[in-house]
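Beneath this line is the structure, given in structure tokens, with notes to follow.
The values are calculated or read from the model by the stated rules, or taken from the named source; none is laboratory data. Everything quoted here is computed from the prediction, not taken from an experiment. Cβ placement follows ideal geometry from the backbone for every residue including glycine, while neighbour counts extend to all protein chains displayed. All accessible areas refer to the heavy atoms of the entire protein, side chains included, with ligands and DNA or RNA removed. Shrake-Rupley method; radii C 1.70, N 1.55, O 1.52, S 1.80 Å.
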Amino acid sequence: MRILIVDDSKAMQVIVQRSLVKLNIPNLEVKFAFNGTEGLNLARSWEPELVISDWHMPEMSGLELLNALNREMLGIRVGFVTTETSAESRNEALQKGSDFVINKPFDTQTFFSVLSPLIEEMADTKLKAADLALAQAAASAQPSRIKLPLASSIQKTLNALSQQAVTVVQKPTEALSEQWLPAVVGLFVDHQSKVVRGICVIDLEATSMLGGILAGLSKSSIHQYIGDRHVPKHIVAALERVFEVLSATITDTLEHRDLEFKSMTSINTDMARLEALLSRGNTHRMDVEISVANYGQGKMILIGS
């Protein structure tokens with residue numbers, strides 16, 4: 001999740017960032033701006049999912065930043081951490097779409113109680129959007145529109161990225177289990193309509209193994225993460241490159257070109273949501289096993305619609 005912190009105090013930027021880290025937000029990325037003008041420019045280019053802003057800043061205030069984001073309809077959630085305490089100002093911010101107003105100085109409990117439900121809501125919204133996109137693709141696509149790659153093509157692609165030899169073998173389709181979680185999901189769209197035409201799901205073992213190797217981690221560290229069933233954000237982030245190169249192996253036969261990688265997200269505990277993503281009608285599926293000598297083996301599923 002990309003979060004932009006806008007505050008003219010470097011110390012406060014650090015305090016808010018540390019508080020966010022303690023929330024254990026999957027795939028957390030944080031950037032900073034010192035006033036609303038910088039924040040607006042960064043929001044346009046970086047497209048954060050959430051902006052946490054101060055109120056009183058030079059050049060452009062936090063409220064002016066909220067107004068600008070509303071005008072440009074960037075679809076970015078906004079909240080305030082501020083010394084502004086007047087009820088009138090607070091109500092104005094909330095009426096204009098702010099998700100929260102936290103007063104400085106704040107304690108950890110207050111920050112958690114406000115941000116935790118918002119982060120959960122945003123994560124759920126993201127998954128529902130992916131679910132809807134897949135449903136739309138399944139409803140509109142021809143069954144044979146997407147051509148999935150051979151296992152040998154996936155193996156060649158992964159070996160071009162990895163410093164360790166990767167083996168990929170196609171396997172019969174099998175039922176999912178809790179052992180897949182946390183899993184990472186990549187979404188792929190066609191070039192013209194930008195509709196989701198393919199997804200890739202990578203289980204815990206393959207995520208830790210591939211992401212860990214690309215991040216330069218030791219074998220023992222990778223095994224530790226698998227044992228703990230916890231995948232750090234820098235390992236998940238490394239998988240973005242995997243999805244980017246995999247997109248070149250998934251072909252849209254209607255447009256006669258490869259799909260484009262759109263985004264990725266994590267599914268940590270919601271097994272029902274993962275099953276729903278993989279059970280859409282009018283799709284075809286490919287299951288593979290990914291192994292690296294002395295590291296272990298994991299699973300990947302590709303779906304085309």
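Quick one: count up the residues across segment 202-217 that are in a loop (DSSP other than H, G, I, E, B) and out of contact with any Gly (no Cβ under 8 Å at 6 or more places or on another chain).
The qualifying residues number 3.
Please find, within segment 248-262, the residue that is most open to solvent (accessible area, probe 1.4 Å) out of those that are among the aliphatic types (A, V, I, L, M) and modelled with pLDDT of 90 or more.
Here the residue is Ala248.
So is Thr83 surrounded by fewer than 13 Cβ atoms within 10 Å (Cβ to Cβ) and of a type in the set (Ser, Thr, Tyr) or not?
When the stated conditions are applied, Thr83 passes them.
Taking the residues in segment 159-185 that are hydrophobic (A, V, I, L, M, F, W, C) and not in a strand (DSSP E or B) as candidates, determine which candidate is surrounded by the most Cβ atoms within 10 Å (Cβ to Cβ).
Trp180
Looking only at segment 38-54, which residues are touching a residue at least 24 places away in the same chain (Cβ under 8 Å) and either assigned to a strand (DSSP E or B) or open to solvent by 20 Å² or more (accessible area, probe 1.4 Å) (or both)?
Matches in segment 38-54: Glu38, Leu42, Arg44, Trp46, Glu47, Glu49, Leu50, Val51, Ile52, Ser53.
Which of the residues that make up segment 55-98 are touching a strand residue (DSSP E or B) at 6+ places or on another chain (Cβ under 6 Å) and either of a type in the set (Phe, Trp, Tyr) or without any contact (Cβ under 8 Å) to a residue 12 or more places away in the chain (or both)?
Trp55, Phe80, Arg90
Is it true that Ile199 is under 21 Å from Leu176 (Cβ atoms) and either open to solvent by 60 Å² or more (accessible area, probe 1.4 Å) or not in a helix (DSSP H, G or I) (or both)?
Criteria met by Ile199.
Report yes if Asp107 is of a type in the set (Asp, Glu), under 23 Å from the mean Cα position of the chain (by Cα) and modelled with pLDDT under 95, otherwise no.
no
Among the numbered conditions (1) part of a loop (DSSP other than H, G, I, E, B); (2) closer than 30 Å to Leu20 by Cα; (3) out of contact with any helix residue (DSSP H, G or I) (no Cβ under 9 Å at 6 or more places or on another chain), tell me where Glu255 comes up short.
It is condition (2) that Glu255 fails.
Restricted to segment 186-196, and to residues that are surrounded by fewer than 21 Cβ atoms within 10 Å (Cβ to Cβ) and of a type outside the set (Lys, Arg), which residue is nearest to Pro149 (Cα to Cα)?
Step by step, filter segment 186-196, then rank; the result is Val189.
Among the residues of segment 260-281, is there at least one that is part of a loop (DSSP other than H, G, I, E, B), small (Gly, Ala, Ser) and more than 17 Å from Asn27 (Cβ to Cβ)?
yes
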